[in-house]
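Before any comments, here is the structure.
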Amino acid sequence: MTQTTTVEVGQEIPTFRRTTGLHNWNRYAAVNDEFVDIHMDDDAGRAAGYPTAFGMGNLQWSYLHDLLRQWIGEDGRILRLSCQFRAANTKGMTVTARGRVTAVRGREVDLDVWTEADDGGPLAPGKATVVLP
Amino acid sequence: MADTNISAQMRAAVGREIGRRVSYPVSESDIRRWALAVYYPETPPRLYWDAGYADTTRHGGIVAPEEFNPFAWLARSVEPARGVDPAQNPDHLEMTLGVPGPGLKFQLNGGMAVEYGVPMRPGDVITAVNRLASYTEKEGRLGLMLFTVTEDTWTNQRGETVKRSTMTGIRY
């Protein structure tokens with residue numbers, strides 16, 4: 001929660017981190033009806049040019065929302081969010097969602113947000129605007 | 001190489017409605033399961049699954065995580081009805097609009113952007129209207145790249161805007 005702290009440009013917000021694999025992806029497939037071979041089967045992942053099956057872009061999208069919600073709390077609001085999908089979240093990878101403040105207008109805050117792989121490589125970079133409580 | 005993949009017919013289709021869907025009423029268990037999946041293995045915030053607690057918050061009850069999809073497991077109605085052409089066909093969008101497509105071989109998800117309005121709640125019936133927003137193109141490493149932006153507007157049963165989102169498809 002941010003109510004009592006001053007938000008400054010350049011500030012990094014607390015990270016949201018998950019070690020990912022079939023337990024995460026199968027649960028997401030079950031709620032989003034997203035049963036696609038590349039997300040379930042290593043052979044299908046390899047056929048698509050990756051070392052294993054890989055997670056859904058939509059789940060990266062959810063992790064970016066989780067990151068923002070964790071920071072602003074349930075009294076805050078996500079106004080806008082965007083992202084691009086740059087690289088695959090392969091099996092066993094620890095995905096870290098991060099955000100850095102780029103502008104502050106009263107209680108409205110712009111951020112660069114992104115998910116990254118274990119080696120720090122970007123998976124899904126984007127931009128967000130939130131309203132703090 | 002073609003100078004452009006955007007035909008006059010495609011250009012004339014910009015702004016047209018591609019389709020619309022109406023959801024079944026959102027249920028508490030849909031929201032709870034969504035939250036469990038996107039926070040797994042940790043317990044999601046109580047706002048998404050504990051009605052007694054949610055009643056005491058400024059939301060006055062359970063709300064859905066912003067990115068919740070109420071259309072995942074069938075919709076009450078889908079227009080136009082799904083045809084025989086698989087969505088994997090890169091010309092699927094133009095086929096739906098009844099215009100000849102560019103016939104490009106490969107397609108990628110170039111990204112998405114959303115602007116949120118009111119939250120979704122149990123009992124909500126969401127209507128999603130999808131429109132063709134733009135075609136642009138740019139010379140890239142892999143040749144002439146066609147960028148197609150589609151816009152989705154979701155409203156609830158009270159006519160309030162839930163979200164406006166855009167998706168950019170890249171074809172080459």
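The values are calculated or read from the model by the stated rules, or taken from the named source; none is laboratory data. Remember, it's a predicted structure, so these values are computed and weren't measured experimentally. Virtual Cβ from ideal backbone geometry, glycine too; neighbours counted across all protein chains shown.
The table below lists the values:
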read-out: Residues located in the range B:63-72, provided they are farther than 13 Å from residue B:124 by Cα and under 14 Å from the mean Cα position of the chain (by Cα); value: B:66, B:67, B:72
read-out: Qualifying residues in the range B:33-45 (those that are in a helix (DSSP H, G or I) and touching an Asp or Glu at 6+ places or on another chain (Cβ under 9 Å)) - the one farthest from residue A:95 (Cα to Cα); value: B:34
read-out: Counted residues, the range B:125-170 - those being over 23 Å from residue B:26 (Cβ atoms), more than 16 Å from the chain's Cα centre (by Cα) and either outside any strand (DSSP E or B) or of a type in the set (S, T, N, Q) (or both); value: 3
read-out: In the range A:48-77, the residues that are among the polar types (S, T, N, Q), buried (at least 21 other Cβ atoms within 10 Å of the Cβ) and in contact with a Ser or Thr (Cβ under 9 Å, 6 or more places away or on another chain); value: A:60
read-out: Conditions (1) over 22 Å from the mean Cα position of the chain (by Cα); (2) without any contact (Cβ under 8 Å) to a residue 40 or more places away in the chain; number of the one not met by residue B:37; value: (1)
read-out: Top-ranked residue of the range A:30-57 - restricted to ones that are in contact (Cβ under 8 Å) with a residue 24 or more places away in the chain and within 12 Å of chain B (Cβ to nearest Cβ), ranked as nearest to the chain's Cα centre (by Cα); value: A:57
read-out: Output for the range B:22-67, where each listed residue is more than 9 Å from chain A (Cβ to nearest Cβ) and aromatic (Phe, Trp, Tyr); value: B:24, B:48, B:49, B:53
read-out: Only one of A:27, A:80 that is in contact (Cβ under 8 Å) with a residue 40 or more places away in the chain, surrounded by fewer than 21 Cβ atoms within 10 Å (Cβ to Cβ) and at the interface with chain B (Cβ under 7 Å from one of its Cβ atoms); value: A:80
read-out: Subset of the range A:83-95 [at negative phi and either more than 7 Å from chain B (Cβ to nearest Cβ) or modelled with pLDDT under 95 (or both)]; value: A:85, A:86, A:87, A:88, A:89, A:90, A:91, A:93, A:94, A:95
read-out: Residue that is farthest from residue A:23 (Cα to Cα), among those in the range B:9-59 that are basic (Lys, Arg) and in contact with a helix residue (DSSP H, G or I) (Cβ under 9 Å, 6 or more places away or on another chain); value: B:16
read-out: Test: residue B:110 is in the same structural domain as residue B:155 (by TED's automatic domain parsing), assigned to a loop (DSSP other than H, G, I, E, B), surrounded by fewer than 17 Cβ atoms within 10 Å (Cβ to Cβ) and small (Gly, Ala, Ser); value: no
